[in-house]
Every structure is written in structure tokens, then in C-alpha cells.
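K.L.:
Before I ask anything, let me first share the structure, which is written out below as C-alpha cells.
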Amino acid sequence: MSDTKKKPAAKTGTSKSPRRRAREFALQGLYQWKVGGADEAAIEAHMQGIAGFDKADRNFFLDILRGVLKLREPLCDAIQQHIDRGMDELSPIEACILLVGAYELQAHPETPYRVIINEAIELTKSYGGTDGHKYVNGVLDKLAAKYRPVEVEERMNSRR
């Protein structure tokens, strides 16, 4: 047996991708909009001054923030069809995560729907309530069937 100590194995998932960081900053910005009434320009200016923003995918952040704010009414309408209470009754964090997920499902067909849902679940685990990720998962699964019927069907068929 050697005296050399082995380095502990690197933890997987500890480093956040630029897109995950962009989603986190978009969530923070949307929270400022929902709770504090901040507008798009104020949110963008504020976020760029936060530590770590330089490691985020800036264009993706802007796309999510601007897209959600622009399409908030139809996104809320789509989400409302799959929740058991009003959007205003959801926690602000979970409501914003659902908006981000719904927007990505609709506007980013190049990203697999399971990736979008998993990213939303991770955001909810980090920032939402204890079991909020289960709720977000259920709602986004239903929205995926609406926005991505072919992709969802293909996944279901491949699992059989």
C-alpha cells in the first residue's frame, strides 16, 4: 500500500453551465418584476452588476427575460389550464419558474423538453418551497404535451 493519498473524486454537477446561470439570473429578474414591480430595463441593468453574471449566457438570459415579459399573458393562460389555483396564489418563485419553463418549451424547440423540465426542477429545488419541484414538474409535463406533442409521444413510445 502506498503512502500517496488519492484525491477525492470530483463532484459532478458542481459547476454550472452558462445556460443554467442565465436561467437563475432570469428567475431573479422575473422575481424582481413580480414582487417588486421592476421593469425590464431596471432588471437588465441590475443583473449585469451582480457577481457571476459574466459567467452566464447573456443572450440566453435576455431572451428568457424579454420573452417571458412580452408573452406573460398567453404563458399565464397556458399555465392556468394545468394548475389548481390562480397564478397569483402560487409562490412568486414557482410562478416565475413555470413562466420560464413554459416560455422555453414554446420558444426553444432545439432544447429537449426533458432538459427544460429538469432545469426548472433544479431551480425549484434551489429557490422554491420544499416540495415545489414536484408541482413544477407536473405542470411542465402537461405543458410539454401541449407545446411538444411529437417529442413527448416519441419519448413515450421509446420507453415502451
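Each reported figure results from applying straightforward, stated rules to the coordinates on display, with no laboratory input. Not measured: the values here are computed from a predicted model. Don't worry about glycine lacking a Cβ; one is built from the backbone with ideal geometry, like all the others, and counts go over all protein chains shown.
K.L.:
Residue separation times 0.36 nm, minus the C-alpha to C-alpha distance between E154 and A41: what's the value?
P.N.:
36.7 nm
K.L.:
Let me ask something else. Given R₀ = 41 Å, what would the calculated FRET efficiency be for S17 paired with T130, taking r from the Cβ atoms and rounding to 0.05?
P.N.:
0.95
K.L.:
Quote to one decimal, in nm, the extra length available between K146 and H108 on full extension: 0.36 nm per residue of separation minus the C-alpha distance between them.
P.N.:
Value of the extension gain: 12.3 nm.
K.L.:
Along each of its three principal axes, how wide is the spread of alpha-carbon positions in segment 67-141, in whole angstrom units, largest first?
P.N.:
Principal extents (largest minus smallest coordinate, Cα): 31, 24, 18 Å.
K.L.:
Okay, next question. What are the radius of gyration and Dmax of the chain, computed over its Cα atoms and given in Å?
P.N.:
According to the Cα coordinates of the chain, Rg and Dmax are 17.6, 66 Å.
K.L.:
Sticking with this one: If we count other beta carbons within 10 Å of each Cβ, what is the order of M156, M47, M87, fewest first?
P.N.:
With the sparsest Cβ surroundings first, the list reads M156, M87, M47.
K.L.:
Hey, could you get me the Stokes-Einstein D for segment 114-160, Kirkwood radius over alpha-carbon pairs, 10 °C and 1.306 mPa s, rounded to whole µm² s⁻¹?
P.N.:
141 µm²/s
K.L.:
Which order do the peptides 31-42, 97-108 take when ranked by the mean count of other beta-carbon atoms within 10 Å per residue, highest first? Please report the intermediate quantities before stating the final value.
P.N.:
Details: 31-42: 13.9, 97-108: 24.3.
Those peptides, ordered most packed to least, come out 97-108, 31-42.
K.L.:
Then there's this: So if we plug the beta-carbon distance of A51 and L71 into 1/(1 + (r/R0)^6) with R0 = 45 Å, what FRET efficiency do we get, rounded to 0.05?
P.N.:
Taking R0 as 45 Å, the efficiency between A51 and L71 is 0.95.
K.L.:
In the neighborhood of M156, defined by Cβ-to-Cβ distances under 13 Å, what is the net charge if each Lys or Arg adds +1 and each Asp or Glu adds -1?
P.N.:
Residues close to M156 contribute a combined charge of +1.
K.L.:
I would also like to ask the following. Below 8 Å between Cα atoms, with a sequence gap of 6+, how large is the relative contact order for segment 68-120 in percent?
P.N.:
36 percent.
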